[in-house]
Structure formats: C-alpha cells, structure tokens
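Student: Sharing a structure with you now.
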Amino acid sequence: MNSTPSPAAARQLTGWSVAGLVLLLPAVALAWAAVLAGERGSRCLTYGEQCSRVPDGVVHGFFLTALAAGLLAAVWPRTRWLPARSAAVAVQWLALLTTSALILSGA
C-alpha cells in the first residue's frame, strides 16, 4: 500500500487554498458593500445607530483565521500530511463563509 498522496490531490488542495486567499478580500468587500447599501448599514455608518449586535472582534477573528489557515495550507509542503492540509483548507473556507455571513447579518 502506497501512503504517498497523489500529486493531483496535493495540487488541488493548493488550488483551493490559493482560491480562498484570492477571494477573501473581494468577499468581504462585497459583503460590506451590500450591508452599507441597505438602510440599517447606512444608518449605522452615518449616525452610529442600529449597528451590529455581534461582539467586537468576532468578525476580525474569523477573517484572520481564514487568512492564517489559507497561508498555512499554501506554504505547507505538498507531500506531507495531506489530511492536515485538507483540514486547514476546510477551516479556511468555513472561516471565510462565516466572516461573510456575519457581515451580511449586519455586523
């Protein structure tokens, strides 16, 4: 039994990791644009009223988690510990989606 991961699987993980890193800032920017286009978001920006009920730092924490997990998965050697790299990519994408969802919920 060969326990060495296939090069195609390793490349695919690297591709998902890089895609997540490339899409991180546009996803956050589009989410903020959507929030600020609404009445509640513009009221929060202009008057400081009806702002988010999400505790401070939660959105930033998920953003930094997505960034750190993506960088970790991208720089990790391709042929070592493929399950750990897979977990890092999964954490990256979950943190990216959670960040966008928190922003869209009015954070």
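Student: Of all residues in segment 44-62 being at pLDDT below 90 and surrounded by 15 or more Cβ atoms within 10 Å (Cβ to Cβ), which is farthest from THR98 (Cα to Cα)? It would help to see each step written out before you state the result.
Tutor: So in segment 44-62, the residues at pLDDT below 90 come out as 44-56.
Of the ones still in play, those that are also surrounded by 15 or more Cβ atoms within 10 Å (Cβ to Cβ) are 44, 52.
Values: CYS44: 21, SER52: 15 Å.
Selected residue: CYS44.
Student: Please give the helices (runs of 4 or more DSSP H) falling wholly within segment 1-88 in which 1 or more residues are more than 17 Å from GLY106 (Cβ to Cβ), touching a residue at least 60 places away in the same chain (Cβ under 8 Å) and among the basic types (Lys, Arg). Before you say what the answer is, go through the steps one by one.
Tutor: Working: elements: 7-37, 39-47, 58-75.
Hits in segment 1-88: 7-37.
Student: Test THR99 against the stated conditions and say whether it is in contact (Cβ under 8 Å) with a residue 60 or more places away in the chain, among the hydroxyl-bearing types (Ser, Thr, Tyr) and farther than 30 Å from ARG53 by Cα.
Tutor: Working: in contact (Cβ under 8 Å) with a residue 60 or more places away in the chain: yes; among the hydroxyl-bearing types (Ser, Thr, Tyr): yes; farther than 30 Å from ARG53 by Cα: no.
No, not satisfied.
Student: Kindly list the number of the only condition in (1) under 20 Å from LEU13 (Cα atoms); (2) surrounded by fewer than 19 Cβ atoms within 10 Å (Cβ to Cβ); (3) in contact with a Ser or Thr (Cβ under 8 Å, 6 or more places away or on another chain) that fails for SER86.
Tutor: (3)
Student: Find the residue count for segment 63-83, including only residues that are of a type outside the set (Phe, Trp, Tyr), over 10 Å from the mean Cα position of the chain (by Cα) and either at pLDDT 95 or above or within 19 Å of ALA19 (Cβ to Cβ) (or both).
Tutor: As a first pass, look at segment 63-83 and keep what is of a type outside the set (Phe, Trp, Tyr): 64-75, 77-80, 82-83.
Pick out the ones that are also over 10 Å from the mean Cα position of the chain (by Cα) and you get 71-75, 77-80, 82-83.
Filter once more, keeping what is either at pLDDT 95 or above or within 19 Å of ALA19 (Cβ to Cβ) (or both): 71-75, 78, 82.
Residues meeting the conditions: 7.
Student: Right, next: Any idea how many residues of segment 63-83 are within 21 Å of ALA27 (Cβ to Cβ) and surrounded by fewer than 18 Cβ atoms within 10 Å (Cβ to Cβ)? Full working, then the answer.
Tutor: Going through segment 63-83, the residues within 21 Å of ALA27 (Cβ to Cβ) turn out to be 63-74.
Checking which are surrounded by fewer than 18 Cβ atoms within 10 Å (Cβ to Cβ) leaves us with 64-65, 68, 71-72.
The number of residues fulfilling the criteria is 5.
Student: Among (1) under 10 Å from the mean Cα position of the chain (by Cα); (2) modelled with pLDDT under 95, there is one condition GLY41 misses while meeting the rest; what is its number?
Tutor: Of (1) under 10 Å from the mean Cα position of the chain (by Cα); (2) modelled with pLDDT under 95, only one is false for GLY41: (1).
The values are calculated or read from the model by the stated rules, or taken from the named source; none is laboratory data. All of these numbers come straight from a predicted model, not from anything done at the bench. Note that we place each Cβ from the backbone using ideal geometry, even for glycine, and neighbour counts take in every protein chain shown.
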